[in-house]
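Following: one structure in structure tokens, then a few remarks.
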Amino acid sequence: FLCRWPSLLKYYSHTDGVSWLEEYKARHNAGLEAQRIVASFSKRFFSEHVPCDGFSDIETLGCPSHFFEDELMCILNMEGRKGLTWKYYAKKILYFLRQQNILKNLKEYLQRPTDRQSFLEGAVLIDQYCNPLSDICLKSVQAQVDDITDKVRKVLRTKNPRHPSLASKAGEVVVPEVELQRQVLDAMNCVLYEQLKYKGNELDYYNSLNSYIHQVLIRRTGIPISLSVLYLTIARQLGVKLEPVNFPSHFLLRWCQGKEGSTDIFDYTYIDAFGKGKQLTVKECEYLIGHHVTEEFYGVVTSKEVLQRMVGNLLNLGKRESTDQSYQLLRDSLDLYLAMYPDNVQHLMLQARLYFHLGIWPEKVLDILQHIQALDPSQHGAVGYLVQHTLEHIERRKEEVGPEVKHRSDEKHKEVCFSIGLIMKHKRYGYNCVIYGWDPACMMGHEWIRNMNVHSLPHGPHQPFYNVLVEDGSCRYAAQENLEYNSEPREIPHPDIGRYFSEFTGIHYLANTELEIRYPEDLELTRATVQKIYSSGKE
């Protein structure tokens, strides 16, 4: 068992008394079940996004979930350029399973008393949900923070060998005197900003990596709120109780200089973790953002409010992303926000509009709209519009009679020169891409044709157009006259490559079964084209 599946050892606290034959059988059967489900996904969901109820049979598995996940990881880690379709759907299933588990952990976290809601744990949960396939765990992140804390203790020991922070274990010490607290903060600034070179990411502020705590620790840079969570966690482990302040445009921490729990904003010094731990007065905080704010913005906020702001930052980034046509970051951050505030009409409406725009999960869109209508009847106009068009979408889907099959032997397809799976280059924009579909003429509407200035092409819209997956992650619709064979064909790093192709040969892609059904005569043409263009080392 452990030779074949060594990664599963971590699930056994002891190995005595375990029936290894039974464990082996269970893992083996879970593997067969995972393979069966992954194999079925391409046929079931090739023509559409995996629906919201598409994972229902996975949720009712009779086998241990960690066995099932382990088989999915085995599929994802298969060597070589084969099994692309299996990897594509294994990734989707694993993404779903892990996010469901993380969402459950987040809800449990939010139900705890506030004094048991670690800011670091909350940041890790957000990080895990947005990066479910990465190896991120609280234990590992905490170990890295502990390592920084130990470095701070070493610096502190050289300054004050009898400092109380050195005498107790993390979390057990409370440093009462302001001067002793100042020594801790000075040592922290020395380690974080001078020794380890942590800094605010001013050059690439709107990169989502700045919001993920494990990336902050790896890259040693972040935005005000992520660096504040790190700073606050280290300070508290050393006995200094800093508190989060939801300051507009720039998240801060506050450090009490007067009576503990004081409501006077002038009893606090404010700390800018983004600005190398600089300590600010109330007036300097206003200089930082360039305008006056009322006293309420200097107040302490809860861990839930900190998470709300972190998720809000990701939401704004998700709205800004233009290359990610799946809007994955926006979808993930909406899930997180609605897990915390399930009745927020504004974000429910955004989620409904997003799914409607993407053309996915129409049944879920109707559920969301029904919920919005119950919460806020004044939304009936927007709700009614979306309901009508979503029902039309569902009816159109019911009328679909099966995949359209395109035969090259048809007279109307005689002008189509290129075939499925060929690696191409765009003559005008220079991007590399792979063909996954074609039409004998442009099938887009008049508005798209006008916006894309198609009529300016020598052959206009009356020429073959190709659906292509582009190396930047986008999907485009390109005119035949704008494409040419790629003299140096290479893999196209597109997230949807496995949806259409099963293998990369080193020169071209092989269509998977579902794509081949739709273009049955393309495979032979692709092979013949490749043989003609790339054989004998000639181009």
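Throughout, read-outs are computed from the coordinates displayed, never taken from laboratory work. All of these numbers come straight from a predicted model, not from anything done at the bench. Because the Cβ atoms are built from the backbone with ideal geometry, glycine has one as well, and the counts that use them run over all protein chains shown.
Things to note:
- Degrees between helix 138-159 axis and first principal axis of the chain (Cα, 0 to 90, nearest 10): 40 degrees
- Oblate is the label for segment 6-111, because the ratio a/c of its alpha-carbon gyration tensor axes (a ≥ b ≥ c) is 1.5 or higher and a/b is not greater than b/c.
- Angle between the chain longest axis and helix 380-399 axis [Cα atoms, degrees, rounded to 10]: 40 degrees
- Rounded, prolate or oblate (a/c below 1.5 giving rounded, otherwise prolate when a/b exceeds b/c) for segment 456-539 by Cα gyration tensor: rounded
- Cα-projected label distance for residue 36 with residue 105, points at 7 Å along beta-carbon direction, nm: 3.0 nm
- Hits among lysines - C-alpha to C-alpha of residue 283 under 29 Å, sequence gap 8 or more where chains match: 197, 199, 241, 259, 304
- Nearest-ten-degree value, helix 20-45 long axis tilted from longest Cα axis of the chain: 60 degrees
- Share antiparallel - DSSP beta bridges, the chain, percent rounded to 5: 95 percent
- Length-normalised contact order for segment 6-111 - Cα pairs under 8 Å, 6+ apart - percent: 33 percent
- Under the criterion of Cα pairs below 8 Å and six or more residues apart, the relative contact order for the chain equals 12 percent.
- R0 of 41 Å, Cβ-Cβ distance residue 77-residue 408: FRET efficiency to nearest 0.05: 0.65
- Packing around the peptides 102-114, 84-96, 299-311, taken as the average count of other Cβ atoms within 10 Å per residue, puts them in this order, highest first: 84-96, 299-311, 102-114.
- Excluding same-chain neighbours fewer than eight residues apart, the aspartates and glutamates reachable from residue 427 by a Cα-Cα span under 12 Å are 481, 484.
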